[in-house]
Amino acid sequence: MNKRILTLLLLVSLGACAGNQLSEPEKQLGWIRDANPEQDAKTAISRGDFRLMAMAQRSLVIPGVNPDNSRSYELKCGVNIMQGVGDVIRSQNHLELMKMAHQYALRYNAMIKLHCQP
């Protein structure tokens, strides 16, 4: 009987620990918390990299670009698809990271668009 209780307690504790682990998309977006979109855009521009940040959701979304013009921007400037962003929300933490990623992309793309217009 004691072995069953110990086994049950062990399984419950392992399940509780597993619940605290980050999903792969959350791990992929972890960098966003400390990111500086303006500095990152300046660095990209200095290297001649004018790709816009994009999100692969139900369709390709380029924050800060009118959807009617996104294909033109994609062809002229290129895109860098942000990993960890999609149309499936894994947790509340993932949702918050995706919101931060969207804000980052808006600010980053605003600077890049000054150097690349279709």
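The values are calculated or read from the model by the stated rules, or taken from the named source; none is laboratory data. Since the structure is predicted, the reported quantities are computational estimates derived from the model, not experimental observations. Quick reminder, even Gly has a Cβ in these numbers, built from the backbone with ideal geometry, and neighbours come from all protein chains shown.
Here are the numbers for this structure:
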| item | result |
| --- | --- |
| Residue match in segment 39-51 (condition: under 14 Å from the mean Cα position of the chain (by Cα) and modelled with pLDDT of 95 or more) | no |
| Only one of Asn36, Asn80 that is on the phi < 0 side of the Ramachandran plot, polar (S, T, N, Q), surrounded by 13 or more Cβ atoms within 10 Å (Cβ to Cβ) and at pLDDT 95 or above | Asn80 |
| Selection within segment 39-65 - crowded, with 16+ Cβ neighbours inside 10 Å, more than 17 Å from Lys99 (Cβ to Cβ) and not small (Gly, Ala, Ser) | Asp40, Phe50, Arg51, Leu52, Val65 |
| The lone exception for Tyr104 - which of (1) touching a residue at least 12 places away in the same chain (Cβ under 8 Å); (2) of a type in the set (Phe, Trp, Tyr); (3) surrounded by fewer than 17 Cβ atoms within 10 Å (Cβ to Cβ) it fails | (3) |
| Selected residue (only one of Arg90, Arg51 is touching a helix residue (DSSP H, G or I) at 6+ places or on another chain (Cβ under 8 Å), closer than 12 Å to Asn109 by Cα and of a type in the set (D, E, K, R)) | Arg51 |
| Index of the failed condition, Arg90 passing every other in (1) at pLDDT 95 or above; (2) closer than 19 Å to Ala101 by Cα | (1) |
| Every residue from segment 68-91 that is β-branched (Val, Ile, Thr) and over 16 Å from Ile32 (Cα atoms) | Val79, Val88, Ile89 |
| Among (1) touching a Phe, Trp or Tyr at 6+ places or on another chain (Cβ under 8 Å); (2) modelled with pLDDT of 95 or more; (3) of a type in the set (A, V, I, L, M); (4) in a helix (DSSP H, G or I), the one test that Leu75 misses | (1) |
| Residues of segment 22-72 that turn out to be of a type outside the set (Asp, Glu) and outside any loop (DSSP other than H, G, I, E, B), as a count | 25 |
